[in-house]
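Heads up, the thing below is written out as structure tokens.
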Amino acid sequence: MNTNIKYTNQDGNYITSQQVANLKFFNKEFFYNNELKMVQKYGSKGRTNNIILKGGDYYLSSDENLETIINQYASTGNYWTFFYNNQSNNLGDSYWEYLFYNKGELETKGVKVFNSEKLLIASCTIDLKTNEMDDQRKYFYGDLNIYKRNEYEYPFLSVFYDENNDVRDIYIYDDDYQSVDEFLSSDNARYFNWISHPYFHNFAPMLPISSIV
């Protein structure tokens, strides 16, 4: 197995291993056969200069046991997110279920979908007791020259859904929340053609079946 290690700063920018020595917060990324396997997140302990492992993210392959991996890593840092049950489409989008552990205890579970650029395009949480979905959202990014915002990694449009997976609100970057009707009658509708983006009309399916660009 080919293993590659990369480092990023707090802003997610890649840095050299030499630059890490000058930082109080950084991430260590492990790639197996060019696929991201694990991110270890480091930071200072309290107000000291001691750098410790704070937690991280782990992406399970289909042949790994979830319980085994959780037992191996959950107690090594304050917070860990374990991504599992990966599904993908032919567009490069990836669906992951996840469990978030805080100080060794399960706190949240849910689903996240990332596009080929590793940007979050859909998410929800799942109630630990009832197993019902909550906080359903989808995100659109687009060309910065058309869909104005400060950073490419910030979504231009965020859509929020109700318990029936129908659209509840639409949020445009640096603007107010709007209903669908309010959005369609706003200036933003000139840039984002709602009718030609059916992926956002309902929360299902989370994993796109066609391009959403």
- Item | Column: log10 I(q)/I(0), Debye, Cα scatterers of segment 54-213, q = 0.08, 0.10, 0.16, 0.19 Å⁻¹ | -0.27, -0.42, -0.97, -1.22
- Residue by residue, what Karplus-based ³J(HN,Hα) values in Hz, rounded to whole numbers, does segment 167-175 have, using 6.51, -1.76 and 1.60 with θ = phi - 60° and x for Gly and Pro? 5, 9, 9, 10, 10, 9, 3, 6, 9
- Phi-derived 3J(HN,Hα) across segment 4-15 with the Karplus relation (6.51, -1.76, 1.60, θ = phi - 60°), rounded Hz, x for Gly and Pro, is 10, 10, 10, 10, 10, 8, 4, 8, x, 8, 6, 9
- Note on the structure: Listed by chain and number, the residues whose amide H is under 5 Å from that of Tyr191, excluding neighbours fewer than 5 places away on the same chain and using placed H, are none
- Query: Using a 1.4 Å probe, what is the accessible area per residue for segment 54-213, in Å²?
  - Reply: 57
- Expected 222 nm ellipticity per residue - DSSP helices of 4 or more, -39500 (n - 2.57), all of the chain, to 500: -1500 deg cm²/dmol
- Task: Enter the Cα centre distance for the pair segment 126-200 and segment 9-69, rounded to the nearest angstrom.
- Result: 30
- Task: Give the accessible area for Glu105 in Å² (nearest 10); use a 1.4 Å probe, count only protein heavy atoms, and leave out ligands, DNA and RNA.
- Result: 130
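Rounded to the nearest percent, how much of the accessible area of the chain (1.4 Å probe, protein heavy atoms only) is carbon and sulfur? Write out the running numbers ahead of the final one.
Numbers: 5620 of 12850 Å².
Result for the chain: 44 percent of the exposed heavy-atom area is carbon or sulfur.
The values are calculated or read from the model by the stated rules, or taken from the named source; none is laboratory data. These figures come from a predicted structure and were not determined experimentally. Remember, those area values only see protein heavy atoms, side chains included, never the ligands or the DNA or RNA. Shrake-Rupley method; radii C 1.70, N 1.55, O 1.52, S 1.80 Å.
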